Amino acid sequence: MTTRAEFMARIRGEMARTTGLFAATTAERPPAPGERLALLRRELAERWPAALERFRDEFTRVGGVFYRVGKASEVPEVVAAIATQTGSRRLVTWHPRMLGADWTADLAAYGLAAEAMPDGAVAPGEREALRARIADADLGLTGVDLAVAETGTLVLVSGAGRPRSTSLLPAVHVAVFDRTALVESLAQVGLVLEAWHEAGRDDAPERGAAINFITGPSRTADIELTLTRGVHGPKEVHAVFVDDGLPETPRA
């Protein structure tokens, strides 16, 4: 049996073989991020078709399933089809104000039980019960604050009416977005985050404590290098793009 001293000595020996940390510097914060973001939005208004195509390719590459519909009214039909494929019956969704649409009645017409998240802050005594209901749900339906074409990543900001558990606890995650969420690169994500946090801005998402970057289904190979899905999050991630756009939702 290896002793603690022997184990630590082996680690020190292996570390001694490396050349040390690579050179790195802190990136400079962009000046006037709000103005730069406004310019980027105008540029993306013309380049979004190419960004969407790349997002679809990268999202599929990391194990996501991509859908494209013409109108927001078509989203419930897609969600119902996903629910049938995955055997989902109970859904939890962001509050309709955060989604840009209220699809609970339409989902009920397909035989699905959908619970929308409360719009305001949840009392401390009610959080545990709400979290338990979310954990018991089969499918979580959310919006998207940013969709990163470079990596096929969905960026979701937590907050009232949009708890992060909605996308993390159910086994299936379905995210709905339109062209206003598209960015081309992680560098552009950094600019957006700077703009959201710029003093005096009031057009950022209604933020909570977390910003989640979701790149495909949850996966790990910690146990005997066997790849397993769904250990730390959803087994499946689906993204639905709406061509005609969603009604205005709280995002930058």
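The values are calculated or read from the model by the stated rules, or taken from the named source; none is laboratory data. Treat the numbers as computed from the prediction; the structure is a model and nothing was measured. Neighbour counts run over all protein chains shown; Cβ positions are idealised from the backbone, glycine included.
Checking the condition more than 21 Å from LEU168 (Cα to Cα) and either of a type in the set (A, V, I, L, M, F, W, C) or over 19 Å from the mean Cα position of the chain (by Cα) (or both), which residue from THR19, THR86 passes? Reasoning before the result, please.
Values: THR86 fails: more than 21 Å from LEU168 (Cα to Cα).
Answer to the check: THR19.
Give the number of residues within segment 49-88 that are among the basic types (Lys, Arg), loosely packed, with under 13 Cβ neighbours inside 10 Å and under 27 Å from SER185 (Cβ atoms).
Narrowing segment 49-88 to residues among the basic types (Lys, Arg): 54, 56, 61, 68, 71.
Now drop any that are not loosely packed, with under 13 Cβ neighbours inside 10 Å, which leaves 61, 71.
Next, from what is left, pick out any that are under 27 Å from SER185 (Cβ atoms): 61.
Qualifying residue count, segment 49-88: 1.
Give me the residue from segment 89-127 that is β-branched (Val, Ile, Thr) and in contact with a Gly (Cβ under 8 Å, 6 or more places away or on another chain) and, out of that set, farthest from LEU169 (Cα to Cα).
At the first step, the residues of segment 89-127 found to be β-branched (Val, Ile, Thr) are 92-93, 104, 122.
Checking which are in contact with a Gly (Cβ under 8 Å, 6 or more places away or on another chain) leaves us with 92-93.
Details: VAL92: 10, THR93: 12 Å.
Going through the qualifying residues, I end up with THR93.
Those residues that are without any contact (Cβ under 8 Å) to a residue 12 or more places away in the chain and either crowded, with 17+ Cβ neighbours inside 10 Å or over 23 Å from the mean Cα position of the chain (by Cα) (or both), I need them from segment 32-47; list them, please.
If the condition is that a residue be without any contact (Cβ under 8 Å) to a residue 12 or more places away in the chain and either crowded, with 17+ Cβ neighbours inside 10 Å or over 23 Å from the mean Cα position of the chain (by Cα) (or both), then ALA32, GLU35, LEU39, ARG42, GLU43, GLU46 are the ones that fit.
What single numbered condition from (1) at pLDDT below 95; (2) acidic (Asp, Glu); (3) closer than 17 Å to LEU182 by Cα fails to hold for GLU28?
For GLU28, the exception is condition (3).
Enumerate the strands (runs of 3 or more DSSP E) found wholly within segment 92-160, keeping only those where 2 or more residues are touching a Lys or Arg at 6+ places or on another chain (Cβ under 8 Å).
Numbers: elements: 113-116, 139-142, 146-148, 153-157.
Correct list: 113-116, 139-142, 153-157.
Condition check ((1) over 24 Å from GLU43 (Cβ atoms); (2) modelled with pLDDT of 90 or more; (3) crowded, with 18+ Cβ neighbours inside 10 Å) across all residues:
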{"residue": "ARG162", "(1), (2), (3)": "yes, yes, yes"}
{"residue": "ASP178", "(1), (2), (3)": "no, yes, yes"}
{"residue": "LEU186", "(1), (2), (3)": "no, yes, no"}
{"residue": "ASP203", "(1), (2), (3)": "no, no, no"}
{"residue": "ILE223", "(1), (2), (3)": "yes, no, no"}
{"residue": "HIS232", "(1), (2), (3)": "yes, no, no"}
